[in-house]
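See structure below.
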Amino acid sequence: MDELIKLIKNTKNVIVFTGAGISKDSGIQTFRDTDGLWKDFDPNVYATYEGFMNNPEKVWRWYLYRYEKIKSANPNEGHYFVAKVEKYSQNFALITQNIDGLHTKAGSKNVIELHGNIHRVKCCACRNKFNTEDVNFSILPPLCECGGLLRPDVVWFGEALPYKELQLAFSYAGTAQLAIVIGTSCLVYPAAEVPFIVKRNGGAIIEINPEKTPLTDYADLHISKVDGNFYKEINNKLDL
């Protein structure tokens with residue numbers, strides 16, 4: 001932990017790269033853990049454009065269930081840790097694969113969302129975007145003013161990541177001296193390429209994850225004993 005704190009306080013260019021694991025202590029299920037969402041729900045049905053078009057009402061009911069859970073969730077110590085790291089860095093970016101918006105809720109400012117945000121919807125026809133809370137869900141699936149189907153503004157399997165956000169993430173990774181990687185399996189590309197860009201350019205990688213991942217062997221430090229107490233302790237030390 002002391003090595004991590006020293007790096008945070010003495011490194012100018014830092015990125016943090018997060019996945020579903022960081023939100024687990026906020027009561028939000030991960031996807032690939034033994035108790036993850038994909039254990040009980042087929043991603044081909046609930047997380048592809050084809051699955052949505054085949055049964056948009058079914059997919060929307062699932063997303064609204066998740067949306068209500070996420071809307072009532074609060075950031076945990078891990079989210080607040082990331083927000084503290086940003087305050088120490090001169091050139092910082094938080095690159096997240098999460099769609100829950102909890103990093104922003106915790107106070108993070110420069111947030112790059114690679115997989116979208118469940119708090120937004122977009123039209124399949126005109127591509128206009130709206131806040132989820134402003135949409136009338138009394139009839140499913142909801143429709144846009146143009147008559148097109150509204151869908152969650154998230155990236156599904158088989159879809160391209162938003163170009164602007166991806167290029168921005170790669171740009172920050174290319175100049176980062178340190179990448180702190182938290183709660184991601186590093187299996188979903190092209191997002192998983194982010195920490196490897198840092199490594200190829202001579203930066204250090206700290207992986208915070210109870211499980212080993214394809215990134216672990218490349219990490220300069222792997223922290224596996226991770227829980228709320230770990231983040232609480234490190235947050236207290238960063239406040240000193």
Residue list for segment 159-171, filter: out of contact with any helix residue (DSSP H, G or I) (no Cβ under 7 Å at 6 or more places or on another chain) and of a type in the set (Gly, Ala, Ser): ALA160, SER171
How many residues, within segment 168-219, are polar (S, T, N, Q) and under 18 Å from GLU86 (Cα atoms)? 3
Exactly one condition in (1) at pLDDT below 95; (2) in contact with a helix residue (DSSP H, G or I) (Cβ under 9 Å, 6 or more places away or on another chain); (3) of a type outside the set (Ser, Thr, Tyr); (4) under 21 Å from ARG151 (Cα atoms) is false for LEU114; which is it? (1)
Scan segment 123-148 for residues that are part of a loop (DSSP other than H, G, I, E, B) and either in the same structural domain as ASN98 (by TED's automatic domain parsing) or not β-branched (Val, Ile, Thr) (or both) and report the count. 16
Can THR132 be described as modelled with pLDDT of 95 or more and touching an Asp or Glu at 6+ places or on another chain (Cβ under 7 Å)? no
Got at least one residue in segment 221-228 being of a type in the set (Val, Ile, Thr), outside the structural domain of TRP60 (by TED's automatic domain parsing) and closer than 29 Å to LYS58 by Cα? no
Name the residues in segment 185-211 that are over 18 Å from SER23 (Cα atoms) and among the charged types (D, E, K, R), would you? GLU193, LYS199, ARG200
Suppose the filter is under 20 Å from the mean Cα position of the chain (by Cα) and under 26 Å from ILE112 (Cβ atoms); does ILE5 pass it? no
What number of residues within segment 172-189 satisfy the criterion of being within 19 Å of LEU7 (Cα to Cα) and among the small types (Gly, Ala, Ser)? 4
The conditions are (1) free of Cβ contacts under 8 Å to residues at least 12 places away in the same chain; (2) surrounded by 15 or more Cβ atoms within 10 Å (Cβ to Cβ), and GLU68 fails exactly one of them. Which is it? (2)
Return yes when SER108 is of a type in the set (Ser, Thr, Tyr), out of contact with any Leu (no Cβ under 9 Å at 6 or more places or on another chain) and without any contact (Cβ under 8 Å) to a residue 60 or more places away in the chain and no when it is not. no
Considering each residue of segment 26-59, count those that are within 21 Å of LEU102 (Cβ to Cβ), surrounded by fewer than 18 Cβ atoms within 10 Å (Cβ to Cβ) and modelled with pLDDT of 90 or more, and give that number. 1
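The values are calculated or read from the model by the stated rules, or taken from the named source; none is laboratory data. Being a predicted model, the structure only gives us computed values, none of them experimental. No Cβ is skipped: glycine too gets one built from the backbone with ideal geometry, and neighbour counts run over all protein chains shown.
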